[in-house]
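Let me begin by presenting the structure, written as structure tokens, before commenting on it.
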Amino acid sequence: MSTWDPARTAEFFDEYGEREWTRFEDGRTPGPSLTTHLRILEGYVRPGDRALDAGSGPGRFTLELLRLGAHVTALDISPGQLELLQSRVPDVEAVVGDVTDLSRFPDDGFDVTVCFGGPLSYVVDEAEQAMAELARVTRPGGHVLVSVMGLGGAVIHFASIIVELAQRDGTAKSLEIARTGFLPEGEGYGHLAMHMYLWEELEALLSPHGEVVDGAAAGVLPHLEVEEPEIRALLEEFEGRLAYDPGSRSCGEHIIGVLRVA
């Protein structure tokens, strides 16, 4: 039986609403993580590209794709999130859909497909099916840009919560998370069930569909409230150095991978 629950995921993000947009501003996702995602976009998206933003949410990366000159189709499982997207970019084609089933789109229909944030983590044991679909709808030689929740980054950012949960519930649950990367939904976790990846797992997910040509860790450093511009710039410099070092790829709150489709 699959762990992936599309109805529950749609319900969750309908209720989550505008908080999905403000996650970078309020520190729930470290600001430098956004910078790293945007740098990857800028490296692989060209003016005139046909782009699919799969798991678009309220349109954070849809707007960036448009800024880069792409012709964008946005897809998300949450009708509520797509309403927020269309309030920002009313002219973009936005469709409700599941990344594990992109049958509404033809083979090779996009030059670049983006699946940033959580979708491949939330589909859990259906990730191979989702990845096959993302590659199918992307033309040969085109790129699929994905990011997933990172196990290493979760441990780095939430070590104190891991300790609190272990003190409350014992270590068995946390040990299982460490061994499998599977984080169940439930009291004390505050999010949907998900699979958190190491780089080698993401690479193995991508590689059957072409060549893995790039990778990065997004959100290596935790969110820090810093007012001084020179100190912010210092932290961004550290983040930038770590984000693109191959040895750091498993340490991001998100791990980014880039596939060139065969």
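No value in this document is a laboratory result; all are computed from the given coordinates. The structure displayed is predicted, hence computed values, not measured ones. Using ideal geometry, Cβ is built from the backbone for each residue, glycine included, and neighbour counts are taken over all protein chains shown.
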Under the 7 Å Cα-to-Cβ spin-label approximation, residue 39 and residue 191 lie apart by a distance in nanometres of 2.2 nm
For the chain the translational diffusion coefficient, Stokes-Einstein from a Kirkwood Rh over Cα pairs at 20 °C and viscosity 1.002 mPa s, in µm²/s, is roughly 115 µm²/s
Place a point 7 Å from the Cα of residue 91 in the direction of its beta carbon; the residues of segment 38-53 whose amide N falls under 19 Å from it are 46-53
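Among 33-44, 75-86, 158-169, how do they line up from the highest to the lowest mean number of other beta-carbon atoms within 10 Å? Numbers along the way, then the final one.
Working: 33-44: 19.4, 75-86: 21.3, 158-169: 12.5.
Answer by packing, highest mean first, reads 75-86, 33-44, 158-169.
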Amide H proximity to residue 210 below 5 Å, modelled H, separation 5+ or other chain, gives 262
Expected sort for 213-222, 136-145 on mean C-beta neighbours within 10 Å, highest first, is 213-222, 136-145
By the mean-Cβ-within-10 Å protection proxy, highest first, 59-69, 251-261, 95-105, 228-238 rank as 251-261, 59-69, 95-105, 228-238
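Among 21, 199, which comes first, then next, by fewest other beta-carbon atoms within 10 Å? Numbers along the way, then the final one.
Numbers: 21 17, 199 25.
Neighbour counts put them in this order, fewest first: 21, 199.
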Here FRET efficiency (C-beta to C-beta, residue 230 to residue 25, R₀ 25 Å, nearest 0.05) is 0.75
Taking a crude spin-label model, label points 7 Å out from Cα along the C-beta direction, the residue 169 to residue 132 distance in nm is 3.2 nm
Segment 16-159 -> Rg/Rh from Cα coords, Kirkwood Rh, value 0.94
